[in-house]
Structures are given as C-alpha cells and as structure tokens.
Amino acid sequence: MGLALRALLLGGASCAGGAAYYGGDITAMKFDAASAVGPVLRLLDAEDAHNLGIKAAAAGLFPRETRPDPPVLATQLWGRKFSNPFGLAAGFDKHAEAMDGLLGLGLGFMEIGSVTPLPQPGNPKPRAFRLSELGAVINRYGFNSEGVDAVGDRLAAYRTARQQTAPGTGRPAGVLAVNLGKNKESEDAAADYCLGASKLAQFADFLVINVSSPNTQGLRALQGRKELERLVAAVKDTRDRMSWGPAGPPPLLVKIAPDLNSGELADISKLALRLGVDGLIVSNTTIARPPDVAAHAHGAEAGGLSGKPLMESSTEVLRQVYALTRGRLPLIGCGGVASGEDAYRKIRAGASLVELYTALALQGPALIPRLKEELAACLERDGFTSVAAAVGADHR
C-alpha cells in the first residue's frame, strides 16, 4: 500500500486546513478522504479494486467511526443489540479477512461469505463489471471461497480478539453473521450447508442460508417448496444438535431472490413460518435487465445485477413478503440502498434491518455516516422514536 494511498485512506495529516473546514471533526474528514480514493480505484478492474479495498480494511487503513450513533437508530432483534440498522451484505468480505476494519466504519452488523465447504475458485475472470453511471454492478463470481476451514480459523481469531477487547472502550463491536453456500460440483446441497453450519455456526451472531445467487448453476432451484423444506430442516437439525450456552443457537435466516413470482413468494413465506425460520433477507441480485441497464456497454454481461436498478423491485418483493408473513417474521432489506431515504423506504415496507453493498463499493466509507444521519432525519420527521416503530409502517 503506497504512502499516498495510506494518507488518503487515513485522512492524511497534511490536510491542515481540512480540520478547520470540518469544524474540528477529524473523523468526518477521514471518512471523506477515504471516499476520495474512489476515482483512483475505479481505474482498476472492479474485482482488483475491491480486493485492494479489502486488504486496506484488513490492514487497518480504513477510518474508524468514533462518534456515537443517533439514539433513534438503535434497535434489537433476536436478542442482539444493533447500534444502527445498517449492515454489510454477504459477498463484500467473502473470506472473513477484514471484519474489524469494516465494522469499524460504524456499521451495525455485517455478513461474511458466502462460504463453501471446500475451497473453490469461482467463475473465470473477468467476473465483475461496474455500471457506475447507473449506480450498479453486475457480478458472476460464482461462490469463490477459501472454504470453511480457512474462514473458520479467521473467525476464531477474530472472536478471541473481540473477547480480549476491554469493555467500554470505543464503539460496540457490531453483530457478525455468517452466510453459507454450496460447492459448485456438490450433488448434495443439504450436506454442504449442514457442514458449513457445523463448522461456522459457533462463530455467528446469526446464520444465513444463501439459495438465491444466480451465479451457481441450479442454486436457485433450492428455493422450491420441497427443496427448501428439506434444506432448512436439515440445517436447523444440525444447528440444534450442537452444544449451546444459555443464549442458545444463532438465529437462522434464508436469503431469497428478487425474481420470484407471487406463488413462489407465498410458498417460501408459509414455509418459513411453519419451519420456524428466524428471518428472511430480501433480496439477492437480479437476473433482470431494465432498459437502461440493457443499453449499457456491460448490460449484456451474465450475472447478478445489484445497485440502484434493484431498489424498486427488491423493495416490492420485501413489501409482499412482509404482507404474506403478516409482520411475524423479521426481514432484512437488501438491494439498491444508496441514501437514508432508500433505507427508510425499506423499513416502512417491512425491513427491520437494511444491508448495503454496491453503493458502498461505488461511493466509499463516507456513505455510512451520511446514511445514518439521513435515516435519523427521516424517522424524526415522521414522528418515529425508533427504527422498530417504523417497521412496516406502510402496511398500517
């Protein structure tokens, strides 16, 4: 990592006039300086730039949030406390390399993964494409993973380091989720997810079954009623047979696609309630190509589309799932969030938490404090005293 990049990421001490401009808020200056690196990184291939960002976060080069979150953003779910409802979606830190640096940006939670049982390289490169003018990305990574053993070692080391941090020093560490996938060549999907759960559930504040990536052949077929029932029952049984302390096992969530029809959404909603799934993540990337995306130079690339073009469709699916489950199942809204108003729309549609990915990749760390400020303003504008009070407001 060059000295110039290090200085930018950390908010370089040479910016003597910057502190005065920011009214003495050095943290804000560091976040803006880190985002200013974006145009330089975007000169690189999308995947190479992303990997460089992960290395920077792992090396402690990202700014750290030291300011408290607005109290109105605090929420609680599954007995876990979230200082704010913003999380990082799976796929950003696939191999659990940069958890401290990413949560240190001020996120309320993050997912690592998806993690497959055995290491696998994923699909051939290039496999990630920016549509920057549209605030979008198309990727076809294909569950590239270092496998459960390597990831488990990192999670164990992170847990030890977190336990050794003195209480009351700095911000809460943030909630950590583990997202599970299957190997491309595996003929027994349930066995793959069960192995992942048996190895990694012990490190998870909640666990996610990813059956909705469009980049692994046959994976989305696992969202079918019979297939999903068998899979969820097997993973729940594996989790529940493990030894747990008084807090019990981690909640189990399923991540679904935005391309499901109304009948499929109804089946999944009924199944989730009947089997006691603890929540759904709505949604993964889409295989749809809206006209402006289709007309883009990268629009014909195969893979999942994420970012702004996904906002409307994923929020509509979220709204339908909340109605189908009658608000009885916690939902995490994911897809197209690029502003506090976007997050607020997800929450009003039924999301208890909201995840980011593409907007953070394109806009950089300064997005996170801005989102929190904007969401707090939305809640207070409409008279809500908490995130929980606004969840599902559009259905009332």
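The values are calculated or read from the model by the stated rules, or taken from the named source; none is laboratory data. Since the structure is predicted, the reported quantities are computational estimates derived from the model, not experimental observations. Glycine also receives a Cβ, built like all others from the backbone with ideal geometry; neighbour counts cover every protein chain displayed. Ligands, DNA and RNA are excluded from the accessible area calculation, which covers all protein heavy atoms including side chains. Shrake-Rupley method; radii C 1.70, N 1.55, O 1.52, S 1.80 Å.
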Taking the Cα centre of the range 256-315 as the origin, how large is its charge dipole in debye, to the nearest 20, when only Lys and Arg (+1) and Asp and Glu (-1) carry charge on their Cβ atoms? 80
Cα to Cα, under 15 Å, and not fewer than 8 places away if on the same chain: which aspartates and glutamates meet these conditions relative to Lys125? Asp45, Glu47, Asp48, Glu301
Only sites in a loop by DSSP and with at most 10 other Cβ atoms within 10 Å count here; which trypsin sites (Lys or Arg not before Pro) in the range 259-367 make the cut? Arg328
Restricted to the chain, the DSSP antiparallel beta bridge percent, nearest 5, is 30
Report, ordered by chain and residue number, the aspartates and glutamates lying within cross-link reach of Lys308, taken as a straight Cα distance under 17 Å and ignoring same-chain residues fewer than 8 apart. Glu133, Asp259, Asp292, Glu316, Glu341, Asp342, Glu355
On C-alpha positions alone, give me the angle between the axis of helix 367-381 and the longest principal axis of the chain, in degrees, nearest 10. 80
Full extension from Gln164 to Trp244: what is 0.36 nm times the residue separation minus their Cα-Cα distance, to one decimal in nm? 26.7 nm
Given 5 Å bins starting at zero, what is the percent of C-alpha pairs of the range 323-396 in each, up to the one with the largest pair distance? 3, 17, 28, 24, 15, 9, 3, 0
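Which whole-number percent gives the relative contact order of the chain, counting Cα pairs below 8 Å spaced six or more residues apart?
With pairs under 8 Å counted, the relative contact order is 16 percent.
Let me know the charge dipole size of the chain about its Cα centre in debye, to the nearest 20, where only the beta-carbon of Lys, Arg (+1) and Asp, Glu (-1) is charged. Mind dumping the intermediate values first?
Details: 42 positive and 40 negative charges, 110 e Å.
Result for the chain is approximately 520 debye, rounded to the nearest 20.
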Output ordering of 98-109, 214-225 (per-residue mean of other Cβ within 10 Å, highest first) is 98-109, 214-225
Quick one: of Lys255/Lys346; Lys199/Lys226; Lys226/Lys270; Lys94/Lys199; Lys94/Lys236; Lys81/Lys372, which pairs are farther than 18 Å apart, Cα to Cα? Lys199/Lys226; Lys94/Lys236
Through the Karplus equation 6.51 cos²θ - 1.76 cosθ + 1.60, θ set to phi - 60°, convert the phi angles of the range 220-228 into ³J(HN,Hα) values in whole Hz; use x for Gly and Pro. 5, 5, 5, 7, x, 4, 5, 5, 5
How large, in percent, is the carbon and sulfur part of the accessible surface of the chain at a probe radius of 1.4 Å? 55
Per DSSP H run of n ≥ 4, the term is -39500 (n - 2.57); total these for the chain, divide by its residue number, and report the mean residue ellipticity at 222 nm rounded to 500 deg cm²/dmol. -12000 deg cm²/dmol
Just to be sure I understand, if you calculate Rg/Rh (Cα atoms, Kirkwood Rh) for this structure, which of (1) 1.00; (2) 0.97; (3) 0.94 do you get? (3)
Cα long-axis angle, helix 189-200 against the chain (0 to 90 degrees, to the nearest 10): 50
Give me the distance in nm between label points sitting 7 Å out from Cα along the Cα-to-Cβ direction at Glu312 and Arg289, one decimal. 1.9
Whole number in Å², please: accessible area per residue of the range 168-283, 1.4 Å probe, ligands, DNA and RNA not counted. 41
Checked against the positive end of the charge dipole of the chain (+1 on Cβ of Lys and Arg, -1 on Cβ of Asp and Glu, about the Cα centre), the farthest of Cys334, Ala294, Met242 is Met242
Suppose accessible area is computed on protein heavy atoms with a 1.4 Å probe; arrange Lys30, Lys55 from highest to lowest. Lys55, Lys30
